[in-house]
Amino acid sequence: MSKLFSKENGEVFTNPLNINNPIAVQVLGICSALAVTSQLKPAIVMGLSVTVITAFSNVIISLLRKTIPNRIRIIVQLVVVAALVTIVSNILKAYVYDVSVQLSVYVGLIITNCILMGRLEAFAMQNGPWESFLDGVGNGLGYAIILVVVGFVRELLGFGSVFGFQIIPDSWLLENGGLYMHNGMMTMPAMALILLACVIWVHRAYNKDIE
Amino acid sequence: MSALRNFLNKIKPSFQEGGKLHAFRSVFDGFETFMYVPNDTAKARGAHIHDAIDSKRIMSFVVIALVPALLFGMYNVGYQHYLAIGEESGFWCNFLYGLAAVLPKIVVSYLVGLGIEFTVAQWKGEEIHEGFLVSGILIPMIVPVNCPLWIIAVATAFAVIFAKEVFGGTGMNILNVALVTRAFLFFSYPSTMSGDKVWVNGNYMDCINGVSGTATDAVTAATPLGQLATGDPIGYSFCDTVTGFIPGSIGETSVIAIAIGALILLWSGVASWKTMLSVFVGGILTAFLFKGSIESANFSWFEHITVGGFCFGAVFMATDPVTSARTECGKWIYGFLIGVIAIIIRVLNPGYPEGMMLAILLMNVFAPLIDYYVVKSNINMRAKRATK
C-alpha cells in the first residue's frame, strides 16, 4: 500500500497539475483548448473525456508495452486510443446529447490530441500500469483545469453567464437601456488564445524556474 | 517657461536616488523629458548620427498634424447632428456640440493608455516612453461618435497591454496600437462600430440656452461604405466626400484636413512619402480594375479613396515608423499592398465595410518579412556584382 502511494507516485500525479502542466508548460493540446472553451459546460465535459481516455489508454499501453513490436507501436497506440474515443463519444451521445452536439467533431479529434500520444510515448511505454494510470489522470486533469479557467472567463464575458446561469442581468444591456455589452470576441477562438497566453503568463510569474 | 524649468529643477532632487519620492522617478522623468529635450540623449561615441530632435518631439509633430482633422471632426459631429434632426445651427454651435461629444473620448483614451504606460514603467523601473502620445489622440479619431466611453476604455487597455507592453513597449510593437484598439472594438462590440445608428450623436444640446439632454431618438445615417456594402450607389456628392461633410468615424471624413496633416508630416520628414504615395497607387489601381466587374464594385476609384478611412489610414496609420517597413524599397511594397488589400476587402467582403484597418494590420505583420527579403536581395545583388 505504501508503495502505491509513495512520494514518487504522488509526484507523477501532481506534477502535470502544476509545474509540468500539459497546456501551460508543454503547450500541447492547444487546438481543442481553443475550440471547446466558449462555454463552461462543454469545457468540463471535454476535460473529463480527455482525462478518462488518457488514463485508460495509458494503462492499456503500459500493460502491452513489453509485447508491442517497436516498429508498429504508433499504430497500436492509435488503435487503443481510437477504441477508447469511440466508447467515450458514444457514452456522451447517449447521456449528454446536447453537449456532444456542441463538442461536435472535437470528441473524435481527441485521437489527435498531442497530450495522448505524448503521454503514451513518453510515459506509458516505460512505466507500470499504476504509475501510468496516475500520470494519465494527472495530465487529463491538468488539461481540464486550464479548460475550466478559460471557459469560465469566456462564458462570463462573452455570454454573461456561468454554467448556463445568467449572471449579468439582461436589463444591464445597452439595447435594454443599460450600459453593458457582451464581448463578441470572447466567443471567438482568437480570444481563447489570448486568454490561454494570460494563463501561461500568470503561471510562469508564480513558477519562475520554468524555462 | 523658465518658471516651469526652475520648478522642475527644484523638485528634481527628491526624485533622484535617495530622495523621498524616488519611487515615482519614471513619472517625473517622463514629464520632464516631454516638456524639455533632455541634456544627455545618448553617449557621444560610436557611429551614431545625433538628430536635433528626439522621439518625443517627433511624436508631437504627428499630434500637431492630426489637429486639423480632429478639429474638423468635431465640427462635423455637430453638423451631422443638427442636419439629422433638421435644425438650423451656426458654426460655433456645431463646433461646441462636437467638442462636447469628442472631448470625453480623448480624455478617456489618454487616461487609460497613459495610466497603463506609467504603471508598467514604474513597475519595471524603466523610463516612460512617448508612444502613447500619438495613439491616444488617434483612438478617439477612428471610432464612431456614439461609441460608449467604457468600451473605448476597455479597448484601449486591451490594445496597450496586448499589442504593446507584452512586446516590450514603445518601438517594439508589431501592430499599430490605435488600429488594434479599433479591431478589438470592431470584433468585440460590432453593434457600436458599424450599422446605421452609430455615426450621428443623438444627444440633444441647445447651445443657445446651454441646455443639454438625451431627448432625441437614435439618429440613423448611412456612411458611404455602408452603402457600398449593401450595393447601393454612393449617396453623397464627390464634393462632400472631399470636404468631409459625411457621416463617418470622427477624424476620418475630411480629405482636405487630412491633406493638411499629410503636408505637415511630409514637411517635417516624420512620415515617408513613399509609403503614403504607394498606398494611394495600390488603392487606385485596384479600385480601377474592380470597377464594374462585379455587382458590389460600383464605386469609382476616386470615390474609393475619398470615403471611409482610406486617406486617414494612408497618411497617419500606414506611415507609423515603428510598424511599417523600414527599407526604402520595402516601403513601396508595403504601401502598395495595403492599398490593394484594403480595396479588395471593401469590394469582395460586405461584412467588413472598412478594409483599411484590416489591410494595415495584416501588412504590419508582414513588414518585417518584406524588410528581410529586401535586405537579402540587396546582399545577393552586391555579392553577384563583387564576384563578376
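Per-structure values
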read-out: Spread of Cα-to-Cα distances over 5 Å intervals beginning at zero, given as percent, for chain A; value: 1, 7, 14, 17, 17, 15, 12, 8, 4, 2, 1, 1, 0, 0
read-out: The protein assembly as shown: calculated mean residue ellipticity at 222 nm from DSSP helix runs of at least 4, using -39500 (n - 2.57); value: -19500 deg cm²/dmol
read-out: Chain A: most fluctuating residue of A:ASN20, A:ASN90, A:ASN139 per GNM, C-alpha cutoff 10 Å; value: A:ASN90
read-out: Fraction of accessible area attributable to carbon and sulfur, chain A (%, probe 1.4 Å); value: 70 percent
read-out: Candidate lysines - alpha carbon under 20 Å from B:LYS384, same-chain residues fewer than 8 apart omitted; value: B:LYS376
read-out: Longest to shortest principal axis, alpha-carbon extents of the protein assembly as shown, angstrom; value: 87, 67, 62
read-out: Relative contact order [Cα under 8 Å, 6+ residues apart], region B:55-371, whole percent; value: 19 percent
read-out: Accessible-area value, B:TRP150, 1.4 Å probe, nucleic acids and ligands omitted, Å²; value: 70 Å²
read-out: Residues in region A:166-211 occluded by at least 50 Å² - accessible area, probe radius 1.4 Å, against chain by itself; value: A:MET181, A:ASN183, A:MET185, A:TRP201
read-out: Amide hydrogen neighbours beyond the local backbone of B:GLY308, cut-off 5 Å, H modeled; value: B:LEU225
read-out: Solvent-accessible area buried by A and B, counting both chains, probe 1.4 angstrom, square angstrom; value: 1000 Å²
read-out: Max mean-square fluctuation residue, GNM over chain A, Cα-Cα springs under 10 Å, options A:SER57, A:SER171, A:SER104; value: A:SER171
read-out: Candidates A:PHE152, A:PHE123, A:PHE163: whichever shows maximal mean-square fluctuation once chain A is modelled as a Gaussian network with Cα springs under 10 Å; value: A:PHE163
read-out: Listing of region B:174-192 residues, each with accessible area lower by at least 10 Å² in the full protein assembly than in the chain alone (probe 1.4 Å); value: B:PHE184, B:PHE187, B:SER188, B:TYR189, B:SER191, B:THR192
read-out: Under DSSP loop assignment and at most 11 Cβ neighbours within 10 Å, longest trypsin sites (Lys or Arg not before Pro)-free interval of chain A; value: A:67-207
read-out: Eligible lysines near B:LYS10 by straight Cα distance, threshold 21 Å, same-chain separation 8 or greater; value: B:LYS20
read-out: Residue-count net charge about A:VAL137 - beta-carbon cut-off 14 Å; Lys, Arg +1, Asp, Glu -1; value: -2
read-out: Helix A:189-206 vs. chain A, principal-axis angle (Cα, 0 to 90°, nearest 10); value: 70 degrees
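The values are calculated or read from the model by the stated rules, or taken from the named source; none is laboratory data. Because the structure is predicted, anything quoted here is derived from the model rather than measured. Using ideal geometry, Cβ is built from the backbone for each residue, glycine included, and neighbour counts are taken over all protein chains shown. These area figures cover heavy atoms from the full protein model, side chains too; ligands, DNA and RNA do not enter into them. Shrake-Rupley method; radii C 1.70, N 1.55, O 1.52, S 1.80 Å.
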